[in-house]
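Trainee: One structure follows; several queries about it will come next.
The values are calculated or read from the model by the stated rules, or taken from the named source; none is laboratory data. Just so it is clear, the structure is predicted and the values come from calculations on it, not from any experiment. Positions of Cβ are backbone-derived with ideal geometry, glycine not excepted, and every protein chain shown enters the neighbour counts.
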Amino acid sequence: MSDPLRRIDALVEEDTLPSPRVRQQLRLAAGLTQAEVADAIGVQRVAVARWEAGLTQPHRGNRLKYAHLLRRLAEKHPDAAVEGASDEE
């Protein structure tokens, strides 16, 4: 694959977000509040609440930070990264 295509793939992958439900599951599995996530990204708590509810999507800069955070949480909590993971844990 040529170098420009790799750069394009990297852009697409680095800001790909899981479903809103999985976003919430990852945050909860890590024991984080919406306020803590918001503070780490540099937004208000209501923005994280809206992202988790699927009402809005983060803008490009925030999307990159949020996607990075979620990828790291998924590495630590792989079970929470599964769509439809049980709330009964």
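Trainee: Test residue 79 against the criterion of being without any contact (Cβ under 8 Å) to a residue 40 or more places away in the chain, part of a helix (DSSP H, G or I) and over 12 Å from the mean Cα position of the chain (by Cα), and give yes or no. Give the derivation first.
Mentor: Working: without any contact (Cβ under 8 Å) to a residue 40 or more places away in the chain: no; part of a helix (DSSP H, G or I): yes; over 12 Å from the mean Cα position of the chain (by Cα): yes.
So residue 79 does not fit the description; no.
Trainee: Residues 47, 53: which one is at pLDDT 95 or above and surrounded by 15 or more Cβ atoms within 10 Å (Cβ to Cβ)? Lay out the reasoning, then the answer.
Mentor: Working: 53 fails: surrounded by 15 or more Cβ atoms within 10 Å (Cβ to Cβ).
None of the others qualify; the one that does is 47.
Trainee: Does the stretch 31-46 hold any residues that are assigned to a helix (DSSP H, G or I) and within 11 Å of residue 65 (Cα to Cα), and which are they?
Mentor: So in the stretch 31-46, the residues assigned to a helix (DSSP H, G or I) come out as 34-41, 45-46.
Within the stretch 31-46, 37, 38, 40, 41 meet the criteria.
Trainee: Further, regarding this structure: Take residue 61 and tell me if it is modelled with pLDDT under 95 and part of a helix (DSSP H, G or I).
Mentor: Numbers: modelled with pLDDT under 95: yes; part of a helix (DSSP H, G or I): yes.
Considered against the rule, which asks whether it is modelled with pLDDT under 95 and part of a helix (DSSP H, G or I), residue 61 comes out as yes.
Trainee: Within the stretch 3-43, take every residue that is modelled with pLDDT of 80 or more and β-branched (Val, Ile, Thr) and give me the one that is surrounded by the most Cβ atoms within 10 Å (Cβ to Cβ).
Mentor: Per the criteria, the residue is 37.
Trainee: Still on this structure: Does any residue of the stretch 61-75 turn out to be surrounded by 16 or more Cβ atoms within 10 Å (Cβ to Cβ), in contact with a helix residue (DSSP H, G or I) (Cβ under 8 Å, 6 or more places away or on another chain) and either farther than 16 Å from residue 15 by Cα or among the acidic types (Asp, Glu) (or both)?
Mentor: Checked the stretch 61-75: no residue is surrounded by 16 or more Cβ atoms within 10 Å (Cβ to Cβ), in contact with a helix residue (DSSP H, G or I) (Cβ under 8 Å, 6 or more places away or on another chain) and either farther than 16 Å from residue 15 by Cα or among the acidic types (Asp, Glu) (or both).
Trainee: Something else: Test residue 85 against the stated conditions and say whether it is aliphatic (A, V, I, L, M), more than 15 Å from residue 14 (Cα to Cα), assigned to a loop (DSSP other than H, G, I, E, B) and modelled with pLDDT under 95.
Mentor: Working: aliphatic (A, V, I, L, M): yes; more than 15 Å from residue 14 (Cα to Cα): yes; assigned to a loop (DSSP other than H, G, I, E, B): yes; modelled with pLDDT under 95: yes.
So residue 85 fits the description; yes.
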